[in-house]
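Written below as structure tokens is the structure these notes are about.
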Amino acid sequence: MKRLFTILFKKKQIDISSHVISSITELTLDKFIMCVCDGNLSVLVKDWFLVKEKNVYEAWENIYTEYVNAIEDKEQRYILKLTKEINLLQCKLVMIHSIINTISTEYQLTGKSDEKLLANLKKYINVTGKFDPNDTDGYMRDLELVIANYKRLMTEFQTKKIEYEKLIPKNSKSKVDRKYFDSIITQISKHMKSIVDPKNITVSLFVSMMMDMKTEAERIDKEIKKAKQHGK
């Protein structure tokens, strides 16, 4: 019986993972850009009925790790890492702010505590209070603690944004936004002598094309320098 349960449990895990995109070999470039630039991780989900939010975050972590390991530019690796952290924090802050407002309003109107909302809040932020609806003063203190944690998270978000802005001046070519990806796609299209459609290529293929273009550019640069040396 125990062996049967183990087999069923493993099967369930496999089924869940098959409903979330979790690799750069499967994820198309257009969806990757949405994740990086907009923080929209919902594009990774094939079927929300079988997927939990933590599965989505885990899938994105794996995708991002694969991408970072595939590129060889250390500066871009750090910029992409910082961009991802900023986007994830922004998503968390939006969710936390919305839940806090709903919890506070509902308690003031009904005097009741929504356990489902509290459980959801715990996914995004540390919640230590009991939130006993029968203890008004205690409930408000618990809520104030959550708001304090929210503010700390907001400070972390602002700190990372400041760091990002110092690294990437406005209109910089290194800025990881849609213009950055548009620029790379245009360069690759010229290199390949064919229009590259983000909807029709995977992230892994995009990286391969990008690295091939970089290698070719370095080869040409070396030949030019060599020719100049011989021309002296």
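Points to keep in mind about this one:
- Distance between the modelled labels on residue 65 and residue 128, one decimal in nanometres: 3.0 nm (7 Å Cα→Cβ projection).
- Unsatisfied cross-links (Cα-Cα over 20 Å) in the set 74/151; 92/123; 54/123: 74/151
- Relative contact order, whole percent, for the chain stands at 25, derived from Cα pairs under 8 Å and 6 or more residues apart.
- Per residue, in Å², the accessible surface of the chain once ligands and nucleic acids are set aside, probe 1.4 Å: 66 Å²
- Computed from the Cβ-Cβ distance with R0 of 30 Å, the FRET efficiency linking residue 95 to residue 182 stands at 0.55.
- Sum of side-chain charges, residue 105 neighbourhood, beta-carbon under 14 Å (Lys, Arg +1; Asp, Glu -1): -1
- Pairwise centroid distance, computed over Cα atoms, of segment 45-101 with segment 108-140, Å: 27 Å
- The Cα atoms of segment 47-117 give a gyration tensor whose axes a ≥ b ≥ c have a/c of 1.5 or more with a/b no greater than b/c, which makes the shape oblate.
The values are calculated or read from the model by the stated rules, or taken from the named source; none is laboratory data. What you are looking at is a predicted structure, and each value in this text was computed from that prediction instead of being measured. Glycine gets a Cβ as well: all are built from the backbone with ideal geometry, and neighbour counts include every protein chain shown. Protein only, heavy atoms only, side chains kept; ligands, DNA and RNA dropped before computing areas. Shrake-Rupley method; radii C 1.70, N 1.55, O 1.52, S 1.80 Å.
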